[in-house]
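Below is one structure, written out as structure tokens, with a few remarks after it.
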Amino acid sequence: MKTLIFDKSAKQFILSAFDKAVDESGFIIEKSDPSQRVLAQDGQEVEEKDFAGIKKGSEVFIKSDIISLIKLSDSLK
Amino acid sequence: MNFLENLKSLLRINIDLSKLKNFTVKLINNNSIQGLIHIENKTVFVNVNAVDKNDIPQVQALIKKAVSEEGLILIEDKSKQLVDEITIFEKTSHSLDLVEFFKGKLSSVDLEILRASLFVKDVYDKGGQVGDLKRSIIIRHGDRGRNIVNLCTAGYFHSIIKPLYLEMVSQADFTSEKFLGTYNTIIMNYPFAIFVSSSTSIASLEAEVERKMEINKKYGINNLNLHGIGEDNIEKITHIIEKFKAKFTHRPTYESERRYMMVTIWF
């Protein structure tokens with residue numbers, strides 16, 4: 001798996017790189033449209049604490065729960 | 001050019017990249033570390049805190065480009081570790097045989113939960129902490145997720161549910177609906193087991209034991225398994241044994257390790 005890893009401390013820097021911010025409820029939002037929350041591949045909104053990364057394909061947001069990570073491992077086979 | 005090459009070019013960093021092939025690149029944001037780059041244990045740490053504020057937009061653009069054009073997956077270190085562990089587990093264990101067995105027999109959602117639960121079981125069996133893993137399944141799939149992960153980690157998919165299917169399918173009047181009806185009863189009620197958790201009060205545990213004993217007796221089942229992980233939950237089970245001992249027809253049978261107990265009570 002070709003990866004670029006980040007630790008928790010760099011999360012905000014990375015979200016900013018993708019023009020994202022975090023709303024007062026802790027959800028990741030589009031900087032240009034704060035009413036629009038980012039969705040993960042499962043169609044669910046992504047909280048900053050559950051944000052695990054981004055992969056190609058219209059910026060697919062990855063969540064950190066085990067089921068999302070199993071699906072990620074499948075997509076890398 | 002790849003991310004590091006682009007970064008080196010942008011920020012005019014003096015670093016010999018030829019020696020860094022197959023190194024992991026890790027982004028950190030640490031104001032107590034001096035310097036933009038440091039290398040340790042085959043990892044190139046890029047400290048974004050050390051980037052001049054005028055260069056930040058361009059560095060961020062390089063990160064975006066690494067994802068969109070190089071196809072790199074940008075992933076937090078803990079999640080990457082978990083993905084690697086999941087990949088190794090699924091390649092080296094036969095646990096997925098159980099998932100294969102139930103393909104086409106259970107819903108895709110239940111298969112997804114079962115697959116995750118088998119990994120959780122492996123972590124638990126090896127002495128690892130499973131609280132967060134279980135919690136993430138429960139947050140996603142609620143009570144059904146909780147029940148499947150509990151039944152799976154306690155081995156019931158192997159010991160009861162699979163044999164149940166094999167028995168039912170051998171009957172002439174078998175239908176998948178019949179199996180699923182019984183299966184769903186097990187998942188939502190698991191009449192043969194109680195999983196004691198930190199949120200289980202003594203009063204509710206007593207009530208549940210009483211209730212399941214009554215239900216099981218109606219169906220001719222004369223035993224019930226109590227599962228508990230951790231000292232507090234083991235104490236709760238011990239309390240139950242003492243409380244209900246007058247109703248037992250046999251001495252309870254125990255299976256326990258340092259931090260886990262399963263007791264079978266007979267009534």
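Kindly indicate whether any position in the range B:186-197 is part of a helix (DSSP H, G or I) and of a type in the set (Ser, Thr, Tyr). Within the range B:186-197, not a single residue is part of a helix (DSSP H, G or I) and of a type in the set (Ser, Thr, Tyr).
Any residue that is open to solvent by 50 Å² or more (accessible area, probe 1.4 Å), within 16 Å of B:PHE244 (Cα to Cα) and in contact (Cβ under 8 Å) with a residue 24 or more places away in the chain - is there at least one of those in the range B:185-192? The answer is no; no qualifying residue exists. Taking the criterion of being surrounded by fewer than 14 Cβ atoms within 10 Å (Cβ to Cβ) and either in contact (Cβ under 8 Å) with a residue 40 or more places away in the chain or under 33 Å from the mean Cα position of the chain (by Cα) (or both), the residues of the range B:240-254 that qualify are B:GLU242, B:THR253, B:TYR254.
If you go through the range A:18-72 and keep only what is over 16 Å from B:LYS78 (Cβ atoms), assigned to a strand (DSSP E or B) and touching a helix residue (DSSP H, G or I) at 6+ places or on another chain (Cβ under 8 Å), you end up with A:ALA21, A:VAL22, A:PHE27, A:ILE28, A:ALA40, A:LYS55.
For the range B:1-48, filtering for residues that are farther than 20 Å from B:GLU70 by Cβ and in a helix (DSSP H, G or I) leaves 1.
For the range A:45-71, a residue qualifies if it is open to solvent by 30 Å² or more (accessible area, probe 1.4 Å) and at the interface with chain B (Cβ under 7 Å from one of its Cβ atoms), and the qualifying residues are A:LYS55, A:LYS56, A:SER64.
Table: residues versus (1) aromatic (Phe, Trp, Tyr); (2) more than 9 Å from chain A (Cβ to nearest Cβ); (3) open to solvent by 70 Å² or more (accessible area, probe 1.4 Å).
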| position | (1), (2), (3) |
| --- | --- |
| B:HIS38 | no, yes, no |
| B:VAL48 | no, no, no |
| B:SER68 | no, no, no |
| B:GLY71 | no, no, no |
| B:ILE75 | no, no, no |
| B:SER79 | no, no, no |
| B:ILE88 | no, yes, yes |
| B:SER93 | no, yes, no |
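The single residue among B:PHE119, B:PHE89 that is within 10 Å of the chain's Cα centre (by Cα) and part of a helix (DSSP H, G or I) turns out to be B:PHE119. Of the candidates A:GLN12, A:GLN41, the single residue that is away from chain B (no Cβ under 12 Å), closer than 25 Å to B:GLU70 by Cα, surrounded by fewer than 17 Cβ atoms within 10 Å (Cβ to Cβ) and not hydrophobic (A, V, I, L, M, F, W, C) is A:GLN41. On the stretch given as the range B:136-167, residues that are away from every other protein chain (no Cβ under 14 Å), open to solvent by 20 Å² or more (accessible area, probe 1.4 Å) and at pLDDT below 90 total 6.
Among the residues of the range B:151-209, those that are of a type in the set (A, V, I, L, M) and closer than 14 Å to B:HIS227 by Cβ comprise B:LEU151, B:ALA154, B:ILE160, B:ALA193, B:ILE194, B:VAL196, B:LEU205, B:VAL209. Quick check on the range B:25-48. Is at least one of its residues farther than 20 Å from B:LYS8 by Cα and modelled with pLDDT of 95 or more? Checking the range B:25-48: not a single residue is farther than 20 Å from B:LYS8 by Cα and modelled with pLDDT of 95 or more.
Tally the residues that are open to solvent by 50 Å² or more (accessible area, probe 1.4 Å) and either outside any helix (DSSP H, G or I) or within 14 Å of another protein chain (Cβ to nearest Cβ) (or both), restricting the search to the range B:95-104. Residues flagged as open to solvent by 50 Å² or more (accessible area, probe 1.4 Å) and either outside any helix (DSSP H, G or I) or within 14 Å of another protein chain (Cβ to nearest Cβ) (or both) within the range B:95-104 amount to 2. Residue check: is B:ILE215 β-branched (Val, Ile, Thr) and either on the phi > 0 side of the Ramachandran plot or surrounded by fewer than 19 Cβ atoms within 10 Å (Cβ to Cβ) (or both)? For B:ILE215, the condition - β-branched (Val, Ile, Thr) and either on the phi > 0 side of the Ramachandran plot or surrounded by fewer than 19 Cβ atoms within 10 Å (Cβ to Cβ) (or both) - is met. Looking at B:SER176, is it within 30 Å of B:ASP132 (Cβ to Cβ) and open to solvent by less than 90 Å² (accessible area, probe 1.4 Å)? In short, no.
The values are calculated or read from the model by the stated rules, or taken from the named source; none is laboratory data. What you are looking at is a predicted structure, and each value in this text was computed from that prediction instead of being measured. Glycine also receives a Cβ, built like all others from the backbone with ideal geometry; neighbour counts cover every protein chain displayed. When the accessible area is computed, the model is the full protein with side chains, heavy atoms only, and any ligands, DNA or RNA have been set aside. Shrake-Rupley method; radii C 1.70, N 1.55, O 1.52, S 1.80 Å.
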